[in-house]
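Structure first, commentary second.
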Amino acid sequence: MKSILKISAALLLAAPVFTGCIKETFPKGGTPTAGQVASNEAATKALIAALPASMVTAGTVRPADQTDFGIASIGLRTDFMCGDIAVMGDNATYCHFSGYARNQFQDSRYVMPAYFWQAYYQWIEGANKVIRLISPEAEGDMKAALGHAYAFRAKYYLDLARLFEPKAPHAEDIDGTYDISNVKGLTVPIVKESTTEAEAKNNPRASHKDMYDFILSDLKMAETLLAEYAPKRGMMPSLGVVYGLCARAYLEVGAGGDAAGYTKAAEYARKAIEVSGCTPMTQQQWEDPATAFNNADANNSWIWSLPVTASQLGNLHNMFAHFCSEAVWGYADYHYAMIGIDRALYESINENDFRKHAFLDPKKWDYYNYKINGDAQDYMANTKPYASLKFRPCNGETQEWTIGALNDYPLMRVEEMYFIEMEAVAQTDLAKAKSLLETYMNSYRMINGATYSCKAANLEDFHKEMMLQKRIEFFGEGIVMYDLKRLDIGFVRGYKGTNQPTIFALNCPNGRSPQWNIVITRAEFQNNTAITDQLNNPDPSGKLRQWDGR
């Protein structure tokens, strides 16, 4: 996983800064033409290899923006829109994701919501390029490459659909009005490998059904093409990844009103577990100071992950500069904007759940013998309670970003499939779903002989309890916003005793946040006449209420 990719990621990084419409991703001169690529299998392989590379390369959209480091940055953006991350350093505004936490600058004029659109449509065009160039009758490596391209494209559209399809918040959480009636059930424009430029210039937002039909069609193609693909895990999508993406997609189909989607979601989640052969991370793997959440080869959990190499990052253009509390080169050390877990969420973790060790207890050394990288005495003397120790610097290196920031990033862990299965099963068999949650917790997370028991009496209570455990499980991994949005579960950052800074203490207690309905960038309007202000998601900026301190 740590070997440097022998490819030119620049093949995909020369994209325009916005593209729902078709744009030429590959500049003229210096890169292969379509005809050249078609006749050169090595170049075609470089194109497919560039897909994962482009997703973790710094400066892919806005080179001067230190939050521009691809898919990990997108994960942090969505997590900062929820309530589980606390910014606890001496200057919370040093957190470059603070605009998302504060629900500011989220309308069509600003770069914050635009980043999602720009990055994903750039990656989509890369996948389309590969699909155009490889014959459906291809064999061997080219057949696998085509399967990878379909899987990547399905992942991109699935993320876009979940980000941009609006879901109604609760009126009592909103200051003023927030009306989605004009755009209810709309996702994003579909740009296929066959879409012409003329079609792209008048390309409306696809309906929920059309989008998920398209995504599942791509996944069906990927399943067929990757049936004989041998690797079970790594940076290229395997059959287990395809099944995992199907599970994610079918949950949304079920939530969209087609109850059969839940049955399919459970089926594919179980397939992903079995076909991948992956197993949940152990306590030792979770707590290893050198490899925890930075090295895919150090566990058997990560079904799909991306390696970040030296050529793909900058000293501040990487996840660990913003999220690793032990790394002194970035914004997340104790001098600036140290990242931790929300106090209420931390206190909800069972004392006998080893995941609690990933965060610094207020009792510090008395609670657990944390394995601190670097100067442990200085760290413990100056850091704050609840600081995150989940994402550790590579090889424990805290001083040199050229080493410490070279981390693998998880796109899909097998643990997610267990949660998808239990959520889907709960729709028809609550008792079984509770049993699945209890089995997961007692088999993989509880220690010291302790036993977890789910007390939920109804489906709504089960969703909240399941999501409590999922929020703990996937803290900082860019997973849970999609779940909270689907399940209509909100957050509370402002409360007595909160460790959130006052400027971040927004509350959305009754259900989903309007901020989770990402606004389409105005730049798209210049190229696609089917997207207008009237057919855009409403601006959520400033709609959530600030905690008044009471």
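The values are calculated or read from the model by the stated rules, or taken from the named source; none is laboratory data. Remember, it's a predicted structure, so these values are computed and weren't measured experimentally. Quick reminder, even Gly has a Cβ in these numbers, built from the backbone with ideal geometry, and neighbours come from all protein chains shown. Surface areas here come from the heavy atoms of the whole protein model, side chains and all, with no ligands, DNA or RNA. Shrake-Rupley method; radii C 1.70, N 1.55, O 1.52, S 1.80 Å.
The residue that is farthest from ILE520 (Cα to Cα), counting only those in region 159-179 that are open to solvent by 10 Å² or more (accessible area, probe 1.4 Å) and of a type in the set (Asp, Glu), is GLU172. Can you tell me which residue within region 356-370, out of those that are among the charged types (D, E, K, R) and open to solvent by 40 Å² or more (accessible area, probe 1.4 Å), is farthest from THR383 (Cα to Cα)? Looking at the filtered set, the residue picked out is ASP366. Of all residues in region 190-205, those being touching a residue at least 40 places away in the same chain (Cβ under 8 Å) and either open to solvent by less than 40 Å² (accessible area, probe 1.4 Å) or under 26 Å from VAL275 (Cα atoms) (or both) number 5. Given the conditions (1) part of a helix (DSSP H, G or I); (2) open to solvent by 80 Å² or more (accessible area, probe 1.4 Å); (3) touching a helix residue (DSSP H, G or I) at 6+ places or on another chain (Cβ under 7 Å), which single one is not true for ASN182? In the conditions (1) part of a helix (DSSP H, G or I); (2) open to solvent by 80 Å² or more (accessible area, probe 1.4 Å); (3) touching a helix residue (DSSP H, G or I) at 6+ places or on another chain (Cβ under 7 Å), ASN182 misses (1) alone. Just one of the listed residues (ASP258, ASP218) is more than 19 Å from the chain's Cα centre (by Cα), at pLDDT 95 or above and either buried (at least 21 other Cβ atoms within 10 Å of the Cβ) or within 21 Å of ILE134 (Cβ to Cβ) (or both), namely ASP218.
Of all residues in region 518-539, those that are of a type in the set (S, T, N, Q), open to solvent by 10 Å² or more (accessible area, probe 1.4 Å) and more than 23 Å from ASN103 (Cβ to Cβ) total 4.
Taken as a whole, region 540-550 holds no residue that is surrounded by fewer than 22 Cβ atoms within 10 Å (Cβ to Cβ) and assigned to a helix (DSSP H, G or I).
Scanning region 148-186 for residues that are at pLDDT below 95 and at positive phi turns up just one, GLY176. Note on region 283-299: residues that are touching a residue at least 40 places away in the same chain (Cβ under 8 Å) and either out of contact with any helix residue (DSSP H, G or I) (no Cβ under 7 Å at 6 or more places or on another chain) or open to solvent by 10 Å² or more (accessible area, probe 1.4 Å) (or both) total 10.
Of everything in region 91-115 that's under 18 Å from ARG62 (Cα atoms) and open to solvent by 30 Å² or more (accessible area, probe 1.4 Å), which residue is nearest to the chain's Cα centre (by Cα)? Per the stated criteria, the residue is MET112.
From the residues in region 116-152 that are of a type in the set (Ser, Thr, Tyr) and free of Cβ contacts under 8 Å to residues at least 60 places away in the same chain, which one is surrounded by the most Cβ atoms within 10 Å (Cβ to Cβ)?
Looking at the filtered set, the residue picked out is TYR120.
Of all residues in region 394-421, those that are under 20 Å from the mean Cα position of the chain (by Cα) and not aromatic (Phe, Trp, Tyr) total 14. Within region 68-112, the set of residues being β-branched (Val, Ile, Thr) and assigned to a helix (DSSP H, G or I) comprises ILE71, ILE74, THR78, THR93, VAL111.
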